[in-house]
Amino acid sequence: MRSLDERWVTPGQPVRRRDGDLLVTGHALYVDDFREPGTLHMAVLRSPHPHARISSIDTTSAMSVRGVRAIVTGKDVQAAIGPVPHWFDPANFGGNTSDFPALPVDEVVYAGQPVVAAAAESKAQAEAALAAVRVEYVPLPFVTSVPEAIREDAPLVFGRWDRNVALGDTISFGDAAGALERADHRASDTFSIQRYQTAPLEPRAYLARWGRDGRLTYHCNTQSPHQMRGNLAAMFGVPEPHVRVITPKVGGAFGHKFHGYPEEPLVALMAKTCGAPVKWIESREEAMLVGAREFEHDFEVGFMADGEITAIRSKVWSNVGALGAAGGWPMTVVSAMTIPGPYEIPNTECSYEVVVSNKAPWNGARGYGKESAAIVLERMVEMVAERLGMDPVAVRLRNFPPPEVFPHWLGGKRLDSGNYAVVLERAVEMSGYRERRRACRDERTDTTVFGVGIGFELTPEGGDWHGGLLRGFDTSTVRMDPSGDVTVLTGVTSPGTGNETGIAQVVAFELGVEFRAVTVLQGDTDTVPYGFGNSSSRSLNLGGASAALACRELRVKLVAAAAYTWNVPGETIHFRNGRVGCDGDASLGMTIGELAYAVYTAPMPVRELMPPQLEATATYWPANLDHDPPGPGGITHTPYPTFPYSAHVAQVAVDVETGLVKLVGYDAVHDCGTVVNPMFVEGQFHGAIAMGLGGALSEMNAYGADGMLQSTTFKTYLPIRATDLPDLRTDHVVTPSPVTLLGTKGAGEGGVGGALAAVMNAVNDAVGQVGATLRRFPARPPAVLAALQEARR
Amino acid sequence: MTHVDPAPHRTVSCTVNGKDVQVRCRDGALLVEMIRDTLDLTGTHIGCLNGDCGVCTVRVDGQVTKSCLYLAARAEGAEVTTIEGVAEEGTLHEVQQALWNGEGFQCGFCVPGQVFCAMDLLESNTTPSDGQIRHAISGNLCRCTGYQKIVEAIHDASTRLDPTEKTATH
Amino acid sequence: MIPPHVRYLTFPDLGSACAALAAERKYVALGGGTVVVPELVRRERHADAMVELRGLVPDGVTVGEGEVEFGALATYTTVARDPRLQEAAPLLRQLAAGITGGAQLRNQATLVGSACRAIPSSDVPAALVGLDATMRVQGPSSSRDIAATDFFLGAFRTALAPGEIVRSVVVPSHPGGYGYLKFKFSESSWPIVTAAAFVRDGASPGGPRWATIGVGGLAPVPARVDLDLDGSLPTAADLNDLLAEQTSAYWSDELADGNYRRSIAGAIARRALAQAATRHQDSATDRGGE
């Protein structure tokens, strides 16, 4: 059984999650598990056309379907509420934008776009009502791909725009053109990444009800309860505190549950119209509409004969679908900003274009564009190694900044700390990379080629963006009751990662109290401080740190109280295992509960105890968020304070007759700074790796030439399963971050990009033996076989 | 089309987590709908309603079953066990314990499928290989763990359930 | 959810169930249910009622002299766990154990149900064609046998008349070597191309050894190749040519187009055939022959 003492815990221990017993017995409550008498159910009628004018909507016969309580069209929405506020508006960067009302009035811009909503006593009745709605459309020309969308004569997704580009810019450091000119060698290539998503198993879910007091109570599984609250308040024109957003257990989020979806206000509007609670649960088919990623990369690298990389010129086009108000498209900007990643490359010129099309809009996805930068960088490094006949490890080592230069400005980012070489070498050693690379050539058969590839990933974390409610700070309140028990109220939320357990570890240690005496509350805007929820691996960096700061304020009071009570100097007071003691006098001692009770009840004329309330609120804002003033494009240049990184080695076998790629080995090493809970961090790393591997090998939201989504179920989306994966062998190296209170850098996202890059390089190591190159993901067999066949021609 | 027929209903008698129940439900009600909506046992989740993800897994007459593929009407006379019925008198099953101790889940949404399929495996094979464990949970998606800690936890549970192991270590 | 108007009907005997299915175009037979139920949920199939077959058709496996009969409701688990089938129907046993979707699917889904849905990329149709299976069919008033080779008419289309259901499928269990290969993109994927190969001794169709290969996923209906094996095995390219002769249209779906299927089918067939030939060789050695 477990040997860990769960009464007294410290940061750094593999404490198991506190809600585990509820989760594993089925007693944890997700949004769909909340049952309110009289709840109505909403269903949404969606556009069957990628682009069309709505000429008429007839809901008369639908209203007489049994059980139906309300039917809402774009006109009703327009009369009642404002458009869905942007998660982050491209206009903040000087780009094109549009309003996104929850339902359109006269035009649909993607297949699957909500057009009519119905609320009824059951979901089936709501669906039956929608089946009776008659909508007439006049189909319009549409575009689905980047090349189609950026043609001069392309049909416009948004008629008021001049072209199908929301935003484009170039981020430059040094003189890439000159350095490319002066380089000993140049190499260029392209790489495409498919549209795929994160597919959390719990789909989106909203449950709204308006009270007689005019307040809206809104259960949902958003990643950002306060911003959801603000959006609903703005759309309905009520004071922000009149909306209470509650986020119970969340069944995975990964960016899919950033806010900005049309169904968010629709549920609340239905609840208002019907005077009853209304619930909407996203179906899997609806969830599959949400895009995340679809990048085309074009890149050129300049390098010297010794392997020094001197310049990068790259361009990324994203196909973000019909833009929408949710949080996906900025991934394009992040992709360009992340270059040159971990490499000391002084001259970079990275352009991006956010291209819109008549596919469904994106939302965010774990990796958030950093993974696509990793793909480009790691492909370039391998091209350099191949051209020079150098060891790919040596090329990387040649271009890493050495550990002693940190904190280190590189490509517009101030990298906090790290030892990239150690992490890479550990991964190389664990995997036997060099031996495997040789063995792969020997093991080749008529039908199988083997390959091994490295992926090194720098993962900028803790995003802080000006111009939107995506900030890099957060707030916690810590309250000690007269019993000595502690409540933590924090603005960060858990999408299922268990960060409440990590925060409780920090707090229990800071105050010296029993682990179970600490209760962490999250995700209720009526009780927790204003905060920014879950994104960018921020939970412990900000939630943990702000709670620790608040604890330290409380500690000052507790020390003063103990020192006064015993008439000893404050420096001699210590807190350990639930007790207060005095260094040098073992006869003095009491429980923390006794001390807390004394603070609240006994008269203590001590300055620090005026007033004698054991409650503190602190906001943590990491160092290292040095924003340049917004430039002409409005871009803040250092939105990331911390930089975890990881090295990955993938081993594959490629069936040359079919193109099937089988992953046969996987090793990875991660540095995310100080680790509060190693078991959770390892779990996060595994999960991120698997998401990258799924994207590399199989996962895809495919569209047909008709502009319709083809991957409507998991049977065609192809999520990765246990049997698709080998044992994931992982290890950690710790270089504490000097810019965060706890030394953490953030865990959660790191691993997606490294996994994608490692598979790309492993597949190319394999198919390169027969002269082929894979230039697109996913590495599904038809794509790989096409690459092999091209080489044979 | 303005007329919808009243839905045909029936009463299903079965045993759920050891209790006899009589449930009135639509003819076409899925077992997962009966479990969640009528019996209010919300530990059985819905992730795809297409038999792909496994989060709605229960046992029907001992057999692991995706309850979104199974009609409630067919449960007449059956013994159904949901995730709420696995821990006996509050004591977690070894598989549940191992998954919790070993971070074999994060968000917890896929837990029913992983627990039932692991139990199913370990009932016939107390010393499974990695490959056998992965095969056993191949009908259950997990988007959080990369399956790694699930596989490790099932190994852990197997060593605790294996009688030869028990005599060796205790 | 299944549309609320859909009824669930049980009948006292198979004849009346078949009569109901014959009379009502929008009644659908419910076997294992793993195909029909989600199709109804997803509105890909429209029905007024589901007709329960449980209790009306056999759910077991009967091993007879030279043949094995699989009841319409015999699940993949039943097939995969039946030790007698290691001898009598090893190919189908292997196929059943490898059905995608986990133990939950195999506990509920059936060989016969898969055959009746006739999904071009399912495992079962091509295996039954390759194995010379016979479908035992019951109608409202009569019964008949349909050879598997005549059963599959097109994608999602079989030779069953309205009101007819498959009671069981009979597979000959002649001695020989078998090979089964299912090629798919990943665990989540439908099969893309499958090949069920059988190598046996005998004079028919000629030569000392001959082989049949049923290839699924290539075309809307299973392709079948019969060939004499004298000397070395045919290459993937040879088999591609033979398959091309059998195939007028290739199957395409969201996962793979006809061109891709066509370019790998020979290789998959070759691998299944090689397995079968090796097993045949081994069993001949065991019997003391050759």
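The values are calculated or read from the model by the stated rules, or taken from the named source; none is laboratory data. All values derive from a computational prediction rather than experimental measurement. We place every Cβ from the backbone using ideal geometry, glycine too, and count neighbours over all the protein chains shown.
Just a few scattered comments:
- Residue in the stretch A:509-519 that is free of Cβ contacts under 8 Å to residues at least 12 places away in the same chain and within 30 Å of A:P644 (Cβ to Cβ) present: no
- Residue within the stretch A:28-39 that is under 26 Å from A:P141 (Cβ atoms), surrounded by 18 or more Cβ atoms within 10 Å (Cβ to Cβ) and touching a Ser or Thr at 6+ places or on another chain (Cβ under 9 Å) present: no
- Considering only residues in the stretch B:19-50 that are assigned to a strand (DSSP E or B) and in contact (Cβ under 8 Å) with a residue 12 or more places away in the chain, the one that is farthest from A:A722 (Cα to Cα) turns out to be B:R24.
- Restricting the stretch C:82-103 to residues that are farther than 19 Å from C:F183 by Cβ and aliphatic (A, V, I, L, M) leaves a set whose member that is farthest from the chain's Cα centre (by Cα) is C:A103.
- Selection of the stretch A:601-618 for residues being within 16 Å of A:R479 (Cβ to Cβ) and surrounded by 15 or more Cβ atoms within 10 Å (Cβ to Cβ) yields A:L609, A:P612, A:L614, A:E615, A:A616, A:T617, A:A618.
- Residue count for the stretch A:263-296 under the criterion of being outside any helix (DSSP H, G or I) and crowded, with 24+ Cβ neighbours inside 10 Å: the result is 10.
- Count of residues meeting criterion [under 18 Å from the mean Cα position of the chain (by Cα) and polar (S, T, N, Q)] in the stretch C:197-256: 1
- Considering the stretch A:541-597, the residues that are among the basic types (K, R) and buried (at least 16 other Cβ atoms within 10 Å of the Cβ) include one that is nearest to A:G512 (Cα to Cα), namely A:R579.
- Considering each residue of the stretch A:64-86 in turn, none proves to be touching a residue at least 12 places away in the same chain (Cβ under 8 Å), assigned to a loop (DSSP other than H, G, I, E, B), out of contact with any helix residue (DSSP H, G or I) (no Cβ under 7 Å at 6 or more places or on another chain) and among the charged types (D, E, K, R).
- Test: residue in the stretch C:105-115 that is assigned to a helix (DSSP H, G or I), modelled with pLDDT of 95 or more, under 26 Å from C:W251 (Cβ atoms) and among the hydroxyl-bearing types (S, T, Y): yes
- A count restricted to the stretch A:284-327 and to residues that are within 22 Å of A:P104 (Cα to Cα) and either touching a Pro at 6+ places or on another chain (Cβ under 7 Å) or of a type outside the set (G, A, S) (or both) stands at 15.
- Yes/no for B:R10 being in a helix (DSSP H, G or I), surrounded by fewer than 24 Cβ atoms within 10 Å (Cβ to Cβ) and more than 7 Å from chain A (Cβ to nearest Cβ): no
- Residues in the stretch A:465-481 that are out of contact with any helix residue (DSSP H, G or I) (no Cβ under 8 Å at 6 or more places or on another chain) and closer than 30 Å to A:Y597 by Cβ: A:R479 alone.
- Taking the stretch B:87-114 as the range and being β-branched (V, I, T) and within 7 Å of another protein chain (Cβ to nearest Cβ) as the test, only B:V111 passes.
- For the condition more than 16 Å from the chain's Cα centre (by Cα), buried (at least 22 other Cβ atoms within 10 Å of the Cβ) and within 10 Å of chain A (Cβ to nearest Cβ), B:R36 does not qualify.
Yes/no matrix, rows are residues, columns are (1) at pLDDT 95 or above; (2) among the basic types (K, R); (3) farther than 30 Å from A:T723 by Cβ:
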| residue | (1), (2), (3) |
| --- | --- |
| C:S168 | yes, no, yes |
| C:S186 | yes, no, no |
| C:S189 | yes, no, no |
| C:I192 | yes, no, no |
| C:A195 | yes, no, no |
| C:G206 | no, no, yes |
| C:G214 | yes, no, no |
| C:G217 | yes, no, no |
| C:P220 | yes, no, no |
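- In the stretch C:27-58, the residues that are assigned to a strand (DSSP E or B), surrounded by fewer than 22 Cβ atoms within 10 Å (Cβ to Cβ), among the hydrophobic types (A, V, I, L, M, F, W, C) and within 11 Å of chain B (Cβ to nearest Cβ): C:A49
- Output for the stretch A:720-735, where each listed residue is closer than 18 Å to A:Q684 by Cα and not β-branched (V, I, T): A:R721, A:A722, A:L725, A:P726, A:D727, A:L728, A:R729, A:D731, A:H732
- Hey, C:P83 away from chain B (no Cβ under 14 Å) and part of a loop (DSSP other than H, G, I, E, B) or not: no
Conditions (1) touching a residue at least 12 places away in the same chain (Cβ under 8 Å); (2) among the aliphatic types (A, V, I, L, M); (3) more than 30 Å from A:A131 (Cα to Cα), marked per residue:
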site: A:D5; (1), (2), (3): no, no, yes
site: A:W8; (1), (2), (3): yes, no, yes
site: A:R17; (1), (2), (3): yes, no, yes
site: A:V31; (1), (2), (3): yes, yes, no
site: A:I54; (1), (2), (3): yes, yes, no
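- Among strands (runs of 3 or more DSSP E) entirely within the stretch A:120-213, having at least 2 residues that are assigned by TED's automatic domain parsing to the domain that holds A:V250 singles out A:134-139, A:205-210.
- So A:T572, is it in contact (Cβ under 8 Å) with a residue 12 or more places away in the chain and within 30 Å of A:L232 (Cβ to Cβ): no
- For the stretch A:204-218, the criterion of being closer than 23 Å to A:G328 by Cα and surrounded by fewer than 17 Cβ atoms within 10 Å (Cβ to Cβ) is met by none of the residues.
Quick grid of which residues meet (1) basic (K, R); (2) more than 14 Å from chain C (Cβ to nearest Cβ):
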{"site": "A:N96", "(1), (2)": "no, yes"}
{"site": "A:P104", "(1), (2)": "no, yes"}
{"site": "A:A111", "(1), (2)": "no, yes"}
{"site": "A:E121", "(1), (2)": "no, no"}
{"site": "A:A124", "(1), (2)": "no, no"}
{"site": "A:R134", "(1), (2)": "yes, yes"}
{"site": "A:Y137", "(1), (2)": "no, yes"}
{"site": "A:L140", "(1), (2)": "no, yes"}
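- Residues satisfying the criterion are absent from the stretch C:105-117 (criterion: more than 14 Å from chain B (Cβ to nearest Cβ), surrounded by fewer than 24 Cβ atoms within 10 Å (Cβ to Cβ) and in contact with a Lys or Arg (Cβ under 9 Å, 6 or more places away or on another chain)).
- The listed residues are A:V9, A:V68, and the only one of them that is more than 11 Å from every other protein chain (Cβ to nearest Cβ) and among the aliphatic types (A, V, I, L, M) turns out to be A:V9.
- Residues satisfying the stated conditions in the stretch A:526-546, i.e. over 24 Å from A:F509 (Cα atoms) and of a type in the set (G, A, S): A:S535, A:S536
- Applying the condition of being part of a strand (DSSP E or B) and farther than 27 Å from C:F185 by Cβ to the stretch A:647-694 and asking which residue is nearest to the other protein chains (Cβ to nearest Cβ) yields A:H670.
- Members of the stretch A:589-619 that are in a loop (DSSP other than H, G, I, E, B) and under 25 Å from A:S546 (Cβ atoms): A:M610, A:P611, A:P612, A:Q613, A:L614
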